[in-house]
Amino acid sequence: MKNDLGLCKKEIIREIKNSNTLIGRDLHFFESVTSTFDKLEEFKPKEGLTVAAVCQTNGRGRLGRQWNSKKGGIYFSFMLLPKENVEEAPFITLICALGVQKALSKYADCLIKWPNDIVCDGKKLCGILTKANLTGNSIKSIYVGIGINANNGNFCDELSNAVSLKELCGKNVDENKLLAEVLEEISHAYYSQSREQILSSYKKACVNLENQVTIHYANGKGDEHGICKDILPDGSMNVQTKNGIINVNSGEVSVKGIYNFERTNL
Ligand code: BTN
């Protein structure tokens, strides 16, 4: 057994056995992968099957970006096989964000930036990427990939908006325990909570609500500014702009004014 707190197969399995998680019971662990998504694709579809790695050589983020994946972060992907239509996919993203935020809140005062970044004092602590594999209109499987800045840090200038738990807590965190806790919270939200409970908790943890947002459209349509007024059951965001209320389904949202944000009870 390794005596540091870094990811180690035996320790993750021990932590997962001690938890109530369903996602991650079938865990495949690697020291280095291109991306945990690539590895996941090598397995037959199985609900909750999880791949975790110490580092990734080609970690991927949203909008075609790279994801910094050096040792010390936590990188994992898992499969969900929901029996729903494609319209449900965005809500599954919200469920995962809520689960991660709940688990990370035990370590640092963090919130969700719509749709699924976990932020602390305006800096990004964790990113989530979901991919839906479809057959016609129905979901064949959903791959969820999560990267948590745990014991990494000293981010380069390009990542000046990133922060790690180690930096926030002033000490190393136990990555194995943390991974099991995150999987447990996502499992709880996904399998045991109602849609209403999730949406209500999500809204309380969402940094955007009643704050100013800037929407950068990926198709070059330009930016739009407004106040986020609501998160809807389909996972979209309602924004009050000077031209009226608009509904935002995708794209990149940057949040302003969150340093002065007052937290409500989560
Ligand atoms: C984002 O851009 O915010 C999403 C980042 C998602 C990173 C994780 S790390 C594990 C999984 N494997 C990847 O290649 N990406 C996701």
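About its Cα centre, the dipole of the chain is roughly 320 debye, where the only charges are +1 on Lys and Arg Cβ and -1 on Asp and Glu Cβ. How high is the relative contact order of the stretch 83-192? Use alpha-carbon pairs under 8 Å, at least six apart in sequence, and give a whole percent. Normalised by residue count, the contact order of the stretch 83-192 is 29 percent. A DSSP coil position with no more than 14 other Cβ atoms inside 10 Å describes the following chymotrypsin sites (Phe, Trp or Tyr not before Pro) in the stretch 32-80: Phe43.
For Cα pairs less than 8 Å apart in space and 6+ apart in sequence, what is the mean separation divided by the residue count of the stretch 1-82, i.e. the relative contact order in percent? Relative contact order for the stretch 1-82 comes out at 28 percent.
In angstrom, the C-alpha Rg and Dmax of the chain are 17.8, 60. Dividing the summed -39500 (n - 2.57) terms of all DSSP H runs of n ≥ 4 by the residue count of the chain sets its mean residue ellipticity at 222 nm at -6500 deg cm²/dmol.
The slack in the chain from Lys221 to Lys17, taken as 0.36 nm per residue of separation less the alpha-carbon distance, amounts to 68.6 nm. Our coupling estimate for the stretch 235-247, obtained by passing each phi through the Karplus curve with A = 6.51, B = -1.76, C = 1.60 and θ = phi - 60°, is x, 8, 10, 8, 10, 7, 10, 5, 9, x, 7, 10, 10 Hz, Gly and Pro reported as x.
Of all beta bridges that DSSP places with both ends in the chain, some 85 percent have antiparallel geometry.
If you sort the three axes of the alpha carbon gyration tensor as a ≥ b ≥ c, you get a/c of 1.5 or more for the stretch 82-124 and a/b no higher than b/c, which makes it oblate. In a DSSP loop and with at most 11 other Cβ atoms within 10 Å, the GluC sites (Glu not before Pro) in the stretch 1-95 are Glu42. The stretch between Glu84 and Asn137, if pulled fully straight at 0.36 nm per residue, gains 18.2 nm over its current Cα-Cα span. Stokes-Einstein, applied to the Kirkwood radius of the stretch 71-228 over Cα pairs at a viscosity of 1.567 mPa s and 4 °C, places its translational diffusion at 78 µm² s⁻¹. Take every Cα pair under 8 Å whose residues are at least 6 apart in sequence, average their separation, divide by the length of the chain, and the relative contact order is 18 percent. Rg over Rh for the stretch 147-202 works out to 1.12, both radii taken from alpha-carbon positions and Rh defined as the Kirkwood radius. Toward the positive end of the charge dipole of the chain, with +1 on the Cβ of Lys and Arg and -1 on the Cβ of Asp and Glu, the farthest Cα among Ile186, Ile198, Met237 is that of Ile186.
Just check the stretch 139-245 against the gyration tensor rule for me: Cα atoms, a ≥ b ≥ c as the square roots of the eigenvalues, rounded for a/c under 1.5, and otherwise prolate or oblate depending on whether a/b exceeds b/c. Here the stretch 139-245 falls in the oblate category. Between Lys242 and Thr57, the simple label model (points 7 Å from Cα in the Cβ direction) yields a spacing of 5.1 nm.
Counted residue by residue at 0.36 nm each, then reduced by the alpha carbon distance between them, the extension gain from Asp121 to Thr214 reaches 31.7 nm.
Taken together, the values in this text are just the output of simple stated rules run on the coordinates, not laboratory data. Keep in mind it's a predicted model, so treat the numbers as computed, not measured. FYI the Cβ positions are ideal-geometry reconstructions off the backbone, even for glycines, and counts take in every protein chain you see.
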